[in-house]
1. From the list A80, A84, A70, A64, exactly one residue is in the same structural domain as G106 (by TED's automatic domain parsing), surrounded by 14 or more Cβ atoms within 10 Å (Cβ to Cβ) and free of Cβ contacts under 8 Å to residues at least 24 places away in the same chain. Which is it?
2. Pick from V189, V130, V150, V154: which is in contact with a His (Cβ under 6 Å, 6 or more places away or on another chain) and either of a type in the set (V, I, T) or in the same structural domain as F59 (by TED's automatic domain parsing) (or both)?
3. Restricting the range 163-195 to residues that are farther than 23 Å from L214 by Cβ and assigned to a loop (DSSP other than H, G, I, E, B), which is farthest from ligand 1 (Cβ to nearest atom)?
4. Take the range 103-134 and flag every residue that is over 24 Å from L168 (Cβ atoms), surrounded by 21 or more Cβ atoms within 10 Å (Cβ to Cβ) and among the hydroxyl-bearing types (S, T, Y).
5. Of the conditions (1) buried (at least 21 other Cβ atoms within 10 Å of the Cβ); (2) away from ligand 2 (no atom under 16 Å from the Cβ); (3) under 30 Å from N57 (Cα atoms), A144 clears all except one; give me its number.
6. Of the conditions (1) assigned to a helix (DSSP H, G or I); (2) of a type outside the set (K, R); (3) more than 14 Å from ligand 1 (Cβ to nearest atom), V35 satisfies every one except a single condition; which number is it?
Amino acid sequence: ATPLALIRGGGIAATRGILIRSGEAFQVLKDITYVVLDKTGTLTEGKPRLVKIIPLNGFDREEALSLSAAAEEHSEHPLAKAIAAGAREEGIVGAEARDFHSVTGGGVSASVDGARVLVGTARHLSAEGVDTETAEAALQEQEARAHTAVVLAVDGRPAAVLTLADTLKADACEAVSAIKRQGATPLLVTGDNRLTAEAIARQAGIDTVHAEILPQDKAGIVRDLQAKGARVAMVGDGINDAPALTQADVGIAIGAGTDIAIESSDVVLIGARVSAVGEAIGIGAISYRKTVQNLW
Ligand code: ADP
Ligand code: MG
(Lines give C-alpha, C1' and ligand atoms only; values in the text may rest on other atoms or scores of the structure.)
(Ligands and ions follow the chains in the order given, each with its own letter.)
Protein backbone atom coordinates (compact mmCIF):
# COMPACT_ATOMS: atom_id res chain seq x y z
CA ALA A 1 0.00 0.00 0.00
CA THR A 2 1.04 3.55 -0.50
CA PRO A 3 1.94 5.46 2.63
CA LEU A 4 -1.04 7.65 1.77
CA ALA A 5 -3.40 4.67 2.06
CA LEU A 6 -1.95 3.86 5.46
CA ILE A 7 -2.31 7.41 6.63
CA ARG A 8 -5.93 7.45 5.48
CA GLY A 9 -6.57 4.05 7.06
CA GLY A 10 -5.06 5.34 10.26
CA GLY A 11 -7.28 8.39 10.12
CA ILE A 12 -10.43 6.32 9.75
CA ALA A 13 -9.29 4.03 12.54
CA ALA A 14 -8.70 7.01 14.82
CA THR A 15 -12.22 8.32 14.29
CA ARG A 16 -13.50 4.93 15.45
CA GLY A 17 -11.34 4.94 18.56
CA ILE A 18 -8.77 2.52 17.14
CA LEU A 19 -5.13 3.43 17.61
CA ILE A 20 -2.87 1.51 15.21
CA ARG A 21 0.71 1.94 16.32
CA SER A 22 2.64 0.65 13.30
CA GLY A 23 2.35 0.32 9.53
CA GLU A 24 3.27 -3.31 9.96
CA ALA A 25 0.18 -3.92 12.07
CA PHE A 26 -1.98 -2.69 9.19
CA GLN A 27 -0.40 -5.23 6.89
CA VAL A 28 -0.85 -8.12 9.30
CA LEU A 29 -4.42 -7.19 10.31
CA LYS A 30 -5.77 -7.91 6.86
CA ASP A 31 -4.43 -11.50 6.93
CA ILE A 32 -5.70 -12.45 10.40
CA THR A 33 -7.34 -15.89 10.48
CA TYR A 34 -7.90 -16.34 14.26
CA VAL A 35 -8.90 -13.84 16.90
CA VAL A 36 -8.19 -15.03 20.44
CA LEU A 37 -10.29 -13.16 22.98
CA ASP A 38 -9.74 -12.97 26.72
CA LYS A 39 -12.94 -13.23 28.77
CA THR A 40 -12.76 -11.00 31.83
CA GLY A 41 -12.53 -7.32 30.94
CA THR A 42 -12.46 -8.04 27.21
CA LEU A 43 -15.76 -9.79 26.45
CA THR A 44 -17.20 -8.96 29.85
CA GLU A 45 -17.23 -5.67 31.75
CA GLY A 46 -14.58 -7.02 34.09
CA LYS A 47 -16.38 -5.61 37.13
CA PRO A 48 -17.63 -8.66 38.97
CA ARG A 49 -20.13 -8.32 41.81
CA LEU A 50 -20.56 -10.72 44.69
CA VAL A 51 -24.08 -12.10 44.19
CA LYS A 52 -24.29 -15.20 46.36
CA ILE A 53 -22.65 -16.95 49.28
CA ILE A 54 -23.44 -20.62 49.78
CA PRO A 55 -22.22 -21.77 53.20
CA LEU A 56 -20.97 -25.35 53.46
CA ASN A 57 -20.21 -27.86 56.18
CA GLY A 58 -22.11 -25.97 58.88
CA PHE A 59 -20.27 -22.69 58.40
CA ASP A 60 -22.07 -19.43 59.04
CA ARG A 61 -22.70 -17.17 56.02
CA GLU A 62 -21.46 -13.93 57.64
CA GLU A 63 -18.41 -15.65 59.08
CA ALA A 64 -17.59 -17.05 55.63
CA LEU A 65 -17.86 -13.60 54.07
CA SER A 66 -15.78 -12.00 56.80
CA LEU A 67 -12.96 -14.55 56.47
CA SER A 68 -13.00 -14.34 52.65
CA ALA A 69 -12.86 -10.55 52.70
CA ALA A 70 -10.00 -10.59 55.20
CA ALA A 71 -7.95 -12.93 53.00
CA GLU A 72 -8.75 -10.99 49.81
CA GLU A 73 -8.01 -7.57 51.29
CA HIS A 74 -4.45 -7.48 50.02
CA SER A 75 -5.21 -8.80 46.51
CA GLU A 76 -5.62 -6.46 43.53
CA HIS A 77 -7.62 -9.05 41.57
CA PRO A 78 -11.09 -7.86 40.44
CA LEU A 79 -12.65 -10.89 42.18
CA ALA A 80 -10.88 -9.94 45.40
CA LYS A 81 -12.16 -6.38 45.18
CA ALA A 82 -15.69 -7.66 44.56
CA ILE A 83 -15.53 -9.87 47.66
CA ALA A 84 -14.17 -7.02 49.80
CA ALA A 85 -16.87 -4.68 48.47
CA GLY A 86 -19.55 -7.30 49.16
CA ALA A 87 -18.44 -7.53 52.78
CA ARG A 88 -18.37 -3.73 53.18
CA GLU A 89 -21.91 -3.46 51.79
CA GLU A 90 -23.10 -5.77 54.53
CA GLY A 91 -21.25 -3.80 57.15
CA ILE A 92 -18.84 -6.65 57.80
CA VAL A 93 -15.43 -5.51 58.93
CA GLY A 94 -12.82 -7.98 57.78
CA ALA A 95 -10.60 -9.43 60.46
CA GLU A 96 -6.84 -8.96 60.42
CA ALA A 97 -5.06 -11.19 57.90
CA ARG A 98 -1.46 -12.31 58.25
CA ASP A 99 0.94 -14.25 56.03
CA PHE A 100 -0.93 -13.18 52.91
CA HIS A 101 0.04 -15.08 49.79
CA SER A 102 -1.41 -15.03 46.27
CA VAL A 103 -1.06 -17.43 43.37
CA THR A 104 -1.78 -15.92 39.96
CA GLY A 105 -4.74 -17.62 38.30
CA GLY A 106 -5.36 -19.64 41.46
CA GLY A 107 -6.33 -17.60 44.48
CA VAL A 108 -5.14 -16.29 47.83
CA SER A 109 -4.24 -17.63 51.24
CA ALA A 110 -3.81 -15.97 54.62
CA SER A 111 -3.93 -16.61 58.29
CA VAL A 112 -7.05 -15.03 59.86
CA ASP A 113 -7.81 -15.27 63.59
CA GLY A 114 -5.44 -18.19 63.76
CA ALA A 115 -7.26 -20.09 61.00
CA ARG A 116 -5.70 -20.95 57.64
CA VAL A 117 -7.94 -19.35 55.02
CA LEU A 118 -7.82 -20.08 51.28
CA VAL A 119 -10.00 -18.51 48.58
CA GLY A 120 -9.73 -19.58 44.95
CA THR A 121 -10.41 -22.18 42.30
CA ALA A 122 -11.19 -25.75 43.27
CA ARG A 123 -8.08 -26.79 41.40
CA HIS A 124 -5.86 -24.42 43.36
CA LEU A 125 -7.39 -25.46 46.68
CA SER A 126 -6.93 -29.14 45.81
CA ALA A 127 -3.28 -28.45 45.09
CA GLU A 128 -3.09 -26.91 48.58
CA GLY A 129 -4.43 -30.12 50.10
CA VAL A 130 -8.13 -29.22 50.45
CA ASP A 131 -10.70 -31.91 49.64
CA THR A 132 -13.17 -29.84 47.55
CA GLU A 133 -15.72 -32.65 47.14
CA THR A 134 -18.35 -30.99 49.39
CA ALA A 135 -18.15 -27.80 47.29
CA GLU A 136 -18.57 -29.42 43.87
CA ALA A 137 -22.38 -29.41 43.59
CA ALA A 138 -22.71 -25.72 44.54
CA LEU A 139 -19.79 -24.81 42.27
CA GLN A 140 -21.23 -26.53 39.22
CA GLU A 141 -24.68 -25.09 39.77
CA GLN A 142 -23.28 -21.53 39.82
CA GLU A 143 -20.83 -22.03 36.95
CA ALA A 144 -23.55 -23.39 34.64
CA ARG A 145 -25.19 -19.94 35.00
CA ALA A 146 -22.11 -18.24 33.53
CA HIS A 147 -21.05 -17.08 36.99
CA THR A 148 -17.54 -17.31 38.35
CA ALA A 149 -17.52 -19.26 41.58
CA VAL A 150 -14.65 -19.54 44.04
CA VAL A 151 -14.29 -21.70 47.12
CA LEU A 152 -13.45 -20.56 50.64
CA ALA A 153 -11.62 -23.16 52.70
CA VAL A 154 -10.95 -22.83 56.42
CA ASP A 155 -8.35 -25.10 58.00
CA GLY A 156 -8.47 -27.43 55.01
CA ARG A 157 -12.26 -27.72 54.77
CA PRO A 158 -14.59 -26.01 52.25
CA ALA A 159 -16.61 -23.39 54.15
CA ALA A 160 -18.47 -21.64 51.33
CA VAL A 161 -18.85 -21.11 47.61
CA LEU A 162 -18.84 -17.44 46.64
CA THR A 163 -20.51 -16.49 43.38
CA LEU A 164 -19.38 -13.52 41.33
CA ALA A 165 -21.33 -12.20 38.38
CA ASP A 166 -19.79 -10.25 35.55
CA THR A 167 -21.87 -8.99 32.63
CA LEU A 168 -21.19 -9.51 28.96
CA LYS A 169 -20.31 -6.19 27.30
CA ALA A 170 -23.23 -4.70 25.38
CA ASP A 171 -21.26 -5.03 22.13
CA ALA A 172 -19.76 -8.51 22.73
CA CYS A 173 -22.11 -10.30 20.31
CA GLU A 174 -21.59 -7.61 17.68
CA ALA A 175 -17.82 -7.98 18.16
CA VAL A 176 -17.95 -11.72 17.54
CA SER A 177 -20.14 -11.47 14.44
CA ALA A 178 -17.92 -8.70 13.05
CA ILE A 179 -14.87 -10.95 13.46
CA LYS A 180 -16.69 -13.77 11.64
CA ARG A 181 -17.76 -11.38 8.87
CA GLN A 182 -14.07 -10.55 8.32
CA GLY A 183 -13.47 -14.26 7.74
CA ALA A 184 -11.62 -14.90 10.99
CA THR A 185 -12.42 -17.48 13.67
CA PRO A 186 -13.07 -16.15 17.19
CA LEU A 187 -11.72 -18.14 20.14
CA LEU A 188 -12.20 -17.62 23.88
CA VAL A 189 -9.27 -18.08 26.27
CA THR A 190 -9.66 -17.65 30.01
CA GLY A 191 -8.30 -18.63 33.38
CA ASP A 192 -11.87 -19.07 34.57
CA ASN A 193 -13.48 -22.51 34.85
CA ARG A 194 -14.85 -24.45 31.89
CA LEU A 195 -18.58 -24.21 32.63
CA THR A 196 -18.51 -20.43 33.12
CA ALA A 197 -16.34 -19.95 30.04
CA GLU A 198 -18.64 -22.10 27.90
CA ALA A 199 -21.73 -20.26 29.12
CA ILE A 200 -20.16 -16.88 28.29
CA ALA A 201 -18.95 -18.15 24.89
CA ARG A 202 -22.45 -19.39 24.09
CA GLN A 203 -23.92 -15.99 24.95
CA ALA A 204 -21.38 -14.24 22.73
CA GLY A 205 -21.60 -16.69 19.82
CA ILE A 206 -18.11 -18.22 20.13
CA ASP A 207 -17.76 -21.96 19.39
CA THR A 208 -14.23 -22.68 20.60
CA VAL A 209 -13.22 -22.27 24.24
CA HIS A 210 -9.95 -22.79 26.11
CA ALA A 211 -10.76 -22.60 29.82
CA GLU A 212 -8.72 -22.94 33.03
CA ILE A 213 -5.66 -21.63 31.20
CA LEU A 214 -2.95 -20.39 33.55
CA PRO A 215 -1.64 -16.89 32.74
CA GLN A 216 1.72 -18.22 31.54
CA ASP A 217 -0.06 -20.63 29.15
CA LYS A 218 -2.19 -18.09 27.26
CA ALA A 219 0.76 -17.30 24.96
CA GLY A 220 1.15 -21.05 24.31
CA ILE A 221 -2.36 -21.20 22.83
CA VAL A 222 -1.41 -18.41 20.41
CA ARG A 223 1.88 -20.15 19.57
CA ASP A 224 0.11 -23.47 18.86
CA LEU A 225 -2.24 -21.76 16.40
CA GLN A 226 0.70 -20.04 14.70
CA ALA A 227 2.53 -23.37 14.43
CA LYS A 228 -0.45 -24.61 12.40
CA GLY A 229 -0.03 -21.68 10.02
CA ALA A 230 -2.64 -19.35 11.53
CA ARG A 231 -2.23 -15.58 11.64
CA VAL A 232 -3.37 -14.69 15.10
CA ALA A 233 -4.72 -11.54 16.71
CA MET A 234 -4.97 -11.58 20.51
CA VAL A 235 -7.36 -9.25 22.32
CA GLY A 236 -6.87 -8.67 26.03
CA ASP A 237 -6.80 -6.21 28.89
CA GLY A 238 -4.93 -7.80 31.76
CA ILE A 239 -1.42 -8.32 33.08
CA ASN A 240 -2.00 -12.02 32.45
CA ASP A 241 -2.67 -11.32 28.75
CA ALA A 242 0.60 -9.45 28.12
CA PRO A 243 2.74 -12.45 26.99
CA ALA A 244 -0.02 -13.60 24.60
CA LEU A 245 -0.44 -10.06 23.24
CA THR A 246 3.29 -9.98 22.49
CA GLN A 247 3.28 -13.48 20.99
CA ALA A 248 0.35 -12.77 18.64
CA ASP A 249 0.88 -11.48 15.10
CA VAL A 250 -1.19 -8.51 16.20
CA GLY A 251 -1.78 -7.70 19.87
CA ILE A 252 -4.94 -5.68 20.47
CA ALA A 253 -5.39 -4.08 23.89
CA ILE A 254 -8.58 -2.82 25.44
CA GLY A 255 -7.72 0.82 26.20
CA ALA A 256 -9.53 0.65 29.53
CA GLY A 257 -7.20 -2.20 30.51
CA THR A 258 -3.87 -2.34 32.30
CA ASP A 259 -0.80 -0.38 31.16
CA ILE A 260 1.19 -3.55 30.60
CA ALA A 261 -1.44 -4.93 28.17
CA ILE A 262 -1.36 -1.64 26.24
CA GLU A 263 2.44 -1.58 26.14
CA SER A 264 2.46 -5.15 24.79
CA SER A 265 0.10 -4.35 21.90
CA ASP A 266 0.21 -3.06 18.31
CA VAL A 267 -3.36 -1.82 18.34
CA VAL A 268 -5.21 -0.07 21.16
CA LEU A 269 -8.97 0.19 21.28
CA ILE A 270 -9.70 3.43 23.07
CA GLY A 271 -12.23 2.83 25.82
CA ALA A 272 -13.89 -0.48 26.57
CA ARG A 273 -15.64 -1.20 23.25
CA VAL A 274 -14.66 -4.63 21.90
CA SER A 275 -16.60 -4.55 18.59
CA ALA A 276 -13.86 -2.29 17.22
CA VAL A 277 -11.78 -5.48 16.70
CA GLY A 278 -13.72 -6.40 13.54
CA GLU A 279 -13.49 -2.81 12.34
CA ALA A 280 -9.71 -2.80 12.84
CA ILE A 281 -9.36 -5.92 10.68
CA GLY A 282 -11.62 -4.34 8.06
CA ILE A 283 -9.65 -1.10 8.03
CA GLY A 284 -6.43 -3.11 7.63
CA ALA A 285 -7.90 -4.79 4.54
CA ILE A 286 -9.27 -1.54 3.10
CA SER A 287 -5.95 0.25 3.50
CA TYR A 288 -4.32 -2.26 1.19
CA ARG A 289 -6.77 -1.85 -1.65
CA LYS A 290 -5.41 -0.03 -4.65
CA THR A 291 -8.46 2.14 -5.03
CA VAL A 292 -8.05 4.35 -2.07
CA GLN A 293 -11.35 6.11 -2.92
CA ASN A 294 -13.15 3.08 -1.50
CA LEU A 295 -12.14 4.34 1.86
CA TRP A 296 -14.52 7.22 1.75
P1 ADP B 1 -9.05 -14.36 33.61
O2 ADP B 1 -8.29 -15.16 32.59
O3 ADP B 1 -10.54 -14.59 33.45
O4 ADP B 1 -8.69 -12.90 33.56
P5 ADP B 1 -7.38 -15.06 36.02
O6 ADP B 1 -6.32 -15.84 35.31
O7 ADP B 1 -6.99 -13.74 36.59
O8 ADP B 1 -8.73 -14.94 35.10
O9 ADP B 1 -7.95 -15.95 37.21
C10 ADP B 1 -8.44 -17.26 36.97
C11 ADP B 1 -9.23 -17.78 38.13
O12 ADP B 1 -8.41 -17.88 39.30
C13 ADP B 1 -10.40 -16.88 38.54
O14 ADP B 1 -11.56 -17.11 37.77
C15 ADP B 1 -10.57 -17.30 40.00
O16 ADP B 1 -11.35 -18.48 40.06
C17 ADP B 1 -9.16 -17.61 40.46
N18 ADP B 1 -8.59 -16.45 41.18
C19 ADP B 1 -7.57 -15.66 40.75
N20 ADP B 1 -7.28 -14.71 41.66
C21 ADP B 1 -8.14 -14.87 42.68
C22 ADP B 1 -8.37 -14.20 43.93
N23 ADP B 1 -7.67 -13.14 44.32
N24 ADP B 1 -9.35 -14.67 44.72
C25 ADP B 1 -10.10 -15.74 44.35
N26 ADP B 1 -9.94 -16.41 43.20
C27 ADP B 1 -8.98 -16.00 42.37
MG1 MG C 1 -8.97 -9.97 31.31
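1. A84
2. On the way: V130 fails: in contact with a His (Cβ under 6 Å, 6 or more places away or on another chain); V150 fails: in contact with a His (Cβ under 6 Å, 6 or more places away or on another chain); V154 fails: in contact with a His (Cβ under 6 Å, 6 or more places away or on another chain).
Residue meeting the stated conditions: V189.
3. G183
4. Of everything in the range 103-134, just one residue is over 24 Å from L168 (Cβ atoms), surrounded by 21 or more Cβ atoms within 10 Å (Cβ to Cβ) and among the hydroxyl-bearing types (S, T, Y), namely S109.
5. (1)
6. For V35, the failing item is (1).
Conditions tested, residue by residue: (1) surrounded by fewer than 16 Cβ atoms within 10 Å (Cβ to Cβ); (2) of a type in the set (S, T, Y); (3) without any contact (Cβ under 8 Å) to a residue 12 or more places away in the chain.
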site	(1), (2), (3)
E136	yes, no, no
V154	no, no, no
V161	no, no, no
L164	no, no, no
T185	no, yes, no
N193	no, no, no
A201	no, no, no
V209	no, no, no
L214	yes, no, no
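The values are calculated or read from the model by the stated rules, or taken from the named source; none is laboratory data. Everything quoted here is computed from the prediction, not taken from an experiment. Glycine also receives a Cβ, built like all others from the backbone with ideal geometry; neighbour counts cover every protein chain displayed.
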